[in-house]
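The next block holds one structure in the form of structure tokens; read it before the comments.
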Amino acid sequence: MAHWFHRNPLKATAPVSFNFYGVAGSPAANKICNDLRTTRARLLEMFTDVTCNPEIMKNATDAYFSLLQGFISSLDGTTQENKMRFIQNFKWTDTLQGNTPSAQQDAVFELVSMAFNVALWYTKFASRLAGKENITEAEAKDVHRSLKVAAGIFKNLKEVHIPRLITPAEKGRDLEPRVMDAYIIQCQAEAQEVTIARAIELKHNATLIAALAFETANFYQKADHTLNTLEPECSSKWRKYLQLKHSQYFYLCKGTFDKCGEAIRSLQEAEKCYSRAEALCKEYRQTKGPGTTAKPSEQLFFLKLGGVIKNTLEKCQRENGFIYFHKIPAEAPQLELKASYGLAEPIIFELPPLSEQCSAEVYATFDLTKGAKNDKAKPKEEEVKPVKEPDLKPQKDTGCVVS
């Protein structure tokens, strides 16, 4: 299956040592710092490990976040900020801004940046799984669930954790509302694509499929409009992908009318949408920008559907000329489609419980007044190196059945 989904690159980050030798005043405090370093490194490794699955990713994420919350949550029984929240500087790049990092001395910034990458991993896992030859029903469900999990993480970050940042996200950066909304909507739309493919294979009612396609097309259009005020050099490629997906699912919801004349006019409109989608596929491939290049124009589902539209239109025209003699409307009939079920909702994301290591007693042994012993001889700035993501070749495409 040729790559069907566009994926922006993972965020890159500078190494973090969590070496607070002067501040960490007990063996238990030092152990928390050491465990933070090792669990962070472990989680970063999982992002590019092709053997990683959702269970491994969740365990790695929970291990790190359960400790990191010890630097965010109030542990002294007061409503004051955690005294450790602002002790460590964190650097992260953005998915649309190349290798230029943002830096904040804030554990909440680390939490949202790392969780953002976790959500991206789920989208990439779904894309990789969807690219398998002869994908099973269980694997299709994993794709569907992974996309909804990603949507839930993005949604939770936008609504709960990003508002807690002392320094608001700059325009065009990952954590600003327009970019977050686009990621949420795209994940929902792609999850619905799985539902549509399944409905087509099982030969479900055409009106149901058309309604889902109509809602999915609207999702992609909404995501595209969300990004229309971003700088073109960082958003054009992503937007072309969203536009071509809108066109692909907009023509899929055509041709569901019972009357032959209306069906002909609707199928004529579907042909125009299909041609527009073909043009957008070409424009998308030629547009420079961040992320992997999807190849929906090479996917058998897309190729077959063009033939189905053409053949169905010709059949309707023949039958109308010999049997029905229905008048063909001058304007394409307006669709009144509203999917009542099958729509993808984000799966609610919750942080893991605070680690048992992070007790009030251990928290009290962190003494900020002493400062780190190596403050006078600060190491040079750690470089943020781009993430080397595995180069996964698309497998043979078997397509899904269109009949």
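Observations on the structure shown:
- Selection status of Val179, open to solvent by less than 10 Å² (accessible area, probe 1.4 Å), modelled with pLDDT of 90 or more and under 24 Å from Phe125 (Cα atoms): yes
- Some residue of segment 134-144 being open to solvent by less than 10 Å² (accessible area, probe 1.4 Å) and either touching a residue at least 24 places away in the same chain (Cβ under 8 Å) or among the acidic types (Asp, Glu) (or both): yes
- Qualifying positions in segment 71-94 - aromatic (Phe, Trp, Tyr), open to solvent by less than 10 Å² (accessible area, probe 1.4 Å) and not in a helix (DSSP H, G or I): Phe90, Trp92
- Matching residues in segment 95-110 - criterion: being outside any loop (DSSP other than H, G, I, E, B) and more than 14 Å from Phe71 (Cα to Cα): Ser102, Ala103, Gln104
- In the set Phe5, Phe86, Phe47, Phe18, only one residue is closer than 24 Å to Pro386 by Cβ, more than 24 Å from the chain's Cα centre (by Cα) and among the hydrophobic types (A, V, I, L, M, F, W, C); that residue is Phe18.
- Flag for Asn117 being modelled with pLDDT of 95 or more, outside any loop (DSSP other than H, G, I, E, B) and open to solvent by 20 Å² or more (accessible area, probe 1.4 Å): no
- Residue in segment 281-301 that is at pLDDT below 75, touching a Leu at 6+ places or on another chain (Cβ under 6 Å) and either surrounded by 23 or more Cβ atoms within 10 Å (Cβ to Cβ) or in a helix (DSSP H, G or I) (or both) present: yes
- Tally of residues being in a helix (DSSP H, G or I), surrounded by fewer than 19 Cβ atoms within 10 Å (Cβ to Cβ) and in contact (Cβ under 8 Å) with a residue 60 or more places away in the chain across segment 10-32: 2
- Members of segment 230-252 that are small (Gly, Ala, Ser) and surrounded by fewer than 19 Cβ atoms within 10 Å (Cβ to Cβ): Ser236
- Scanning segment 179-224 for residues that are of a type in the set (Asp, Glu), closer than 20 Å to Lys158 by Cα and touching a Leu at 6+ places or on another chain (Cβ under 7 Å) yields Glu190, Asp224.
- Check on Asn228, in contact with a Ser or Thr (Cβ under 9 Å, 6 or more places away or on another chain), over 21 Å from Met114 (Cα atoms) and free of Cβ contacts under 8 Å to residues at least 24 places away in the same chain: yes
- Leading residue by the ranking (farthest from Phe65 (Cα to Cα)) among those in segment 1-48 that are touching a Ser or Thr at 6+ places or on another chain (Cβ under 9 Å) and of a type in the set (S, T, N, Q): Asn8
- Residue match in segment 207-222 (condition: over 21 Å from Thr123 (Cα atoms) and free of Cβ contacts under 8 Å to residues at least 60 places away in the same chain): yes
- Selected residue (only one of Tyr183, Tyr220 is within 30 Å of Ser73 (Cβ to Cβ), part of a helix (DSSP H, G or I) and of a type in the set (Phe, Trp, Tyr)): Tyr183
- Residues in segment 33-58 that are open to solvent by 10 Å² or more (accessible area, probe 1.4 Å) and not in a helix (DSSP H, G or I): Phe47, Thr48, Asp49, Val50, Thr51, Asn53.
- Taking the criterion of being among the polar types (S, T, N, Q) and either touching a residue at least 60 places away in the same chain (Cβ under 8 Å) or open to solvent by less than 10 Å² (accessible area, probe 1.4 Å) (or both), the residues of segment 95-111 that qualify are Thr95, Gln97, Asn99, Ser102, Gln104.
- Number of residues in segment 145-163 that are aliphatic (A, V, I, L, M) and open to solvent by less than 10 Å² (accessible area, probe 1.4 Å) equals 5.
- Subset of segment 202-229 [among the aromatic types (Phe, Trp, Tyr), under 19 Å from the mean Cα position of the chain (by Cα) and open to solvent by 30 Å² or more (accessible area, probe 1.4 Å)]: Phe219
Matching residues to (1) touching a strand residue (DSSP E or B) at 6+ places or on another chain (Cβ under 8 Å); (2) of a type in the set (Val, Ile, Thr); (3) within 24 Å of Asp181 (Cα to Cα); (4) at pLDDT below 95:
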residue	(1), (2), (3), (4)
Ile56	no, yes, no, no
Ser66	no, no, no, no
Gln80	no, no, no, yes
Asp94	yes, no, yes, no
Leu111	no, no, yes, no
Thr123	yes, yes, yes, no
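The values are calculated or read from the model by the stated rules, or taken from the named source; none is laboratory data. Computed from a predicted model, the values in this text were never measured in an experiment. Neighbour counts run over all protein chains shown; Cβ positions are idealised from the backbone, glycine included. The accessibility values were calculated without ligands, DNA or RNA, using every heavy atom of the protein model including side chains. Shrake-Rupley method; radii C 1.70, N 1.55, O 1.52, S 1.80 Å.
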